[in-house]
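First the structure, which I've put down as structure tokens, then a few questions once you've had a look.
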Amino acid sequence: MHSRNSIIRLPRSVQRRLEASAEELLNPPNGQRVDFSRPLGESALLPADSLSWRIFKNPLALLIGGLAAVILELAEPSVRTGVWEHSSFRSDPMRRLQRTGLAAMVTVYGARSVAEPMIAGVVRMHSKVAGETPDGVPYSASDARLLTWVQATATFGFAEAYSRYVRRLNVTEFDLLIREGSATSTLYGALGAPASYADLQALFTSMHNRLEPSPIIFEFLDIMRKVKGFPLPLCWMQGTLVRAAVDIIPGWIRERLGLAPHFGLRKAERWLVEAAGAVADRVLLSGSPAAQACMRVGIPTLQLYA
């Protein structure tokens, strides 16, 4: 990963703005707040020396990966109907993404006594969501098959965004990251969550005939290009980040969904996203979930950058 000397020391005013933006992204006004520094000494669901702890600290990769995961979710008709009809994506998309991002942070960095009740609450919420797709196919949000797809798309999105725009991950690292994710995915009810990169690829292949184009996917992309609420340091490249998310989706899925090349990154934009991702991986945000979690378990925050 990085050495201590590779940590970027920003001017104090810039650092303050970044800290405030990160705080606002994960803790919006009137939203749920989580103190990752408490209870002191309590471990998380994943150990502090896990690869997940190092990778999930990067806010840019999480944002891009989260957007890619939603696109893949919306490609599956039952998941798409459940998400679009039973969530606030259309009315308040940033709030929905913020809740999803917070859940990811709690799952990785939160104390076990905080993470387990939160996950149980999500499971209870899913148990109340059911209906029919426009084609009349019944679905339930607690269906293990659908939950497996949702968890797999999140794992893929975060891992691929980090590998593409921050630092290339080898197959061994992909396997490790996916294995760490599968251990917690079962708590959400995703009983068939992939345990390796090969498993993930096999799952994607098995979904070939279930994934389909939909106007909702294009509506989502349009919403995310225009919605207010992106962190201030990233607002100017909002459209680029949305295209970066499209760009990491496997080519055959993009083709199946009708996501033509112009929905992905322009050649001149790729270096910009890679540079931003590399910088984001080397800026230590003292108020971030990762930094607070390090404080809670009693390890130096710099350990995540070593």
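The values are calculated or read from the model by the stated rules, or taken from the named source; none is laboratory data. Since this is a predicted model, take the numbers as computed values, not measurements. Ideal geometry is used to build each Cβ from the backbone, glycine not excepted, and the neighbour counts take in all protein chains shown.
Test of understanding: among Arg99, Arg124, which residue is out of contact with any helix residue (DSSP H, G or I) (no Cβ under 9 Å at 6 or more places or on another chain), closer than 27 Å to Leu241 by Cα, of a type outside the set (Ser, Thr, Tyr) and part of a helix (DSSP H, G or I)?
Just a single option satisfies the conditions, and that option is Arg99.
Among residues belonging to the range 112-130 that are of a type in the set (Gly, Ala, Ser) and closer than 13 Å to Ser185 by Cα, point out the one that is farthest from the chain's Cα centre (by Cα).
The first filter runs over the range 112-130 and keeps only residues of a type in the set (Gly, Ala, Ser), leaving 113, 115, 120-121, 127, 130.
Those left that are additionally closer than 13 Å to Ser185 by Cα: 115, 120.
Details: Ala115: 16, Ala120: 19 Å.
Selected residue: Ala120.
Can you work out which of the residues in the range 21-79 that are over 27 Å from Ser214 (Cβ atoms) and hydroxyl-bearing (Ser, Thr, Tyr) is surrounded by the fewest Cβ atoms within 10 Å (Cβ to Cβ)?
Among those that are over 27 Å from Ser214 (Cβ atoms) and hydroxyl-bearing (Ser, Thr, Tyr), it is Ser43.
Of everything in the range 146-189 that's farther than 19 Å from Ala103 by Cβ and surrounded by fewer than 16 Cβ atoms within 10 Å (Cβ to Cβ), which residue is nearest to the chain's Cα centre (by Cα)?
That would be Arg168.
Which of the numbered conditions does Pro231 fail, given that it passes all the others? Conditions: (1) touching a Phe, Trp or Tyr at 6+ places or on another chain (Cβ under 9 Å); (2) modelled with pLDDT under 95.
(1)
Among the candidates Leu265, Leu272, Leu241, Leu259, which residue alone is more than 28 Å from Glu76 (Cβ to Cβ) and either surrounded by 15 or more Cβ atoms within 10 Å (Cβ to Cβ) or touching a helix residue (DSSP H, G or I) at 6+ places or on another chain (Cβ under 8 Å) (or both)?
Values: Leu265 fails: more than 28 Å from Glu76 (Cβ to Cβ); Leu241 fails: more than 28 Å from Glu76 (Cβ to Cβ); Leu259 fails: more than 28 Å from Glu76 (Cβ to Cβ).
Going through Leu265, Leu272, Leu241, Leu259 in turn, the sole match is Leu272.
Which condition from (1) over 19 Å from the mean Cα position of the chain (by Cα); (2) at pLDDT 95 or above is the one that Lys267 breaks?
The one condition Lys267 does not meet is (2).
Every residue, every condition in (1) among the small types (Gly, Ala, Ser); (2) under 14 Å from the mean Cα position of the chain (by Cα), yes or no:
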site: Glu42; (1), (2): no, no
site: Ala48; (1), (2): yes, no
site: Trp53; (1), (2): no, yes
site: Phe56; (1), (2): no, yes
site: Leu63; (1), (2): no, yes
site: Ala68; (1), (2): yes, yes
site: Ala75; (1), (2): yes, no
site: Arg80; (1), (2): no, no
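Collect the residues in the range 120-145 that are surrounded by 15 or more Cβ atoms within 10 Å (Cβ to Cβ) and acidic (Asp, Glu), keeping them in residue-number order.
Once the filter is applied, which keeps residues that are surrounded by 15 or more Cβ atoms within 10 Å (Cβ to Cβ) and acidic (Asp, Glu), the range 120-145 yields only Asp143.
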